[in-house]
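All remarks here apply to the structure that follows.
FYI, it's all coordinate maths here, none of it is from the lab. Please read all numbers here as calculations on a predicted model, not as lab measurements. Neighbour counts are summed over all protein chains in view; Cβ atoms, including those assigned to glycine, are modelled from backbone coordinates with ideal geometry.
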Amino acid sequence: MMKTMNDYRDALVRVLRRECETAERIDEAMKGKQQAFIRWHTADLQAMLEEERTLLEAMALLEKERTALVRTMSAGRGRLLSMSEIVALEPSPELEAVYRDLRAVSARIIRRNNQNRDLLQSSMSFVRRTLSFITGNFRYKLLDQKV
């Protein structure tokens, strides 16, 4: 049986919904990782890193599935359409809602990832200064500190 654009749109909605659910779980794992890092709970940190890795692998598979659907839906247009273009060309309240939800959770993940990067950099700086102090190779001066 030949599939219609509606069939592809419905399949895309299902994939985006699964991506959104997986992204929510990634955000929760990143939050747990952040809390474990702040509290120096290495066992919890390791568990969160493993969970995050597993979820990222699942997300990569979903992304491949979404990309294949986008390619199919872009056929005959001369180029690969963006998700926002597909949402505009295939109007559906459900597609618009799940796409909006995925963009929102992706923005949260980016913010949390930036926070975690800043925490890691701060901790690395602390460790470097502490090691320099302990080893007598203390080059850090109060005036060197950024205000």
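So the label point goes 7 Å from the Cα of Ser122 along Cα→C-beta, right? Which residues of region 1-43 then have their backbone N under 15 Å from it?
Backbone N within reach: 34-40.
Can you sort Tyr99, Tyr8 so the residue with the fewest Cβ neighbours within 10 Å comes first? Walk me through the intermediate numbers first.
Details: Tyr99 20, Tyr8 17.
The order, fewest Cβ neighbours first, is Tyr8, Tyr99.
Nothing charged except the Cβ atoms of Lys and Arg (+1) and of Asp and Glu (-1): what's the magnitude of the dipole of the chain about its Cα centre? Round to the nearest 20 debye. Show your work: numbers first, answer last.
Values: 26 positive and 21 negative charges, 156 e Å.
Result for the chain is approximately 760 debye, rounded to the nearest 20.
Summing -39500 (n - 2.57) over the DSSP H runs of n ≥ 4 in the chain and dividing by its residue number, what mean residue ellipticity at 222 nm do you reach, to the nearest 500 deg cm²/dmol? Don't skip to the end; give the middle numbers.
Details: 4 runs with 118 residues, N = 147.
After summing the helix terms and dividing by residue count, I get -29000 deg cm²/dmol.
Could you tell me how many degrees, from 0 to 90 and to the nearest 10, lie between the Cα long axis of helix 93-135 and the main elongation axis, the longest principal axis, of the Cα atoms of the chain?
20
How tilted is helix 42-74 with respect to the longest principal axis of the chain? Cα atoms for both, answer in degrees (0 to 90, nearest 10).
Roughly 30 degrees between the two axes.
Quick one: angle between helix 5-39 and the longest Cα principal axis of the chain, in degrees between 0 and 90, rounded to 10, please.
It is inclined by approximately 10 degrees.
May I ask for the net charge around Met83, where only other residues with Cβ less than 13 Å from the Cβ of Met83 are counted and Lys, Arg are +1 while Asp, Glu are -1?
Details: positive: Arg9, Arg66, Arg71, Arg100, Arg103; negative: Glu19, Glu63, Glu85, Glu90, Glu96, Asp101.
Spelling it out: positives minus negatives among the neighbours equals -1.
Could you calculate the contour length gain from Leu49 to Arg129, that is, 0.36 nm times the residue separation minus the distance between their Cα atoms, to one decimal place in nm? Before the final figure, lay out each step's value.
Working: separation 80, 0.36 × 80 = 28.80 nm, distance 2.64 nm.
Difference between extended and current length: 26.2 nm.
Put a dot 7 Å past each Cα toward the Cβ at Ser84 and Ala58; how far apart are the dots in nm?
2.9
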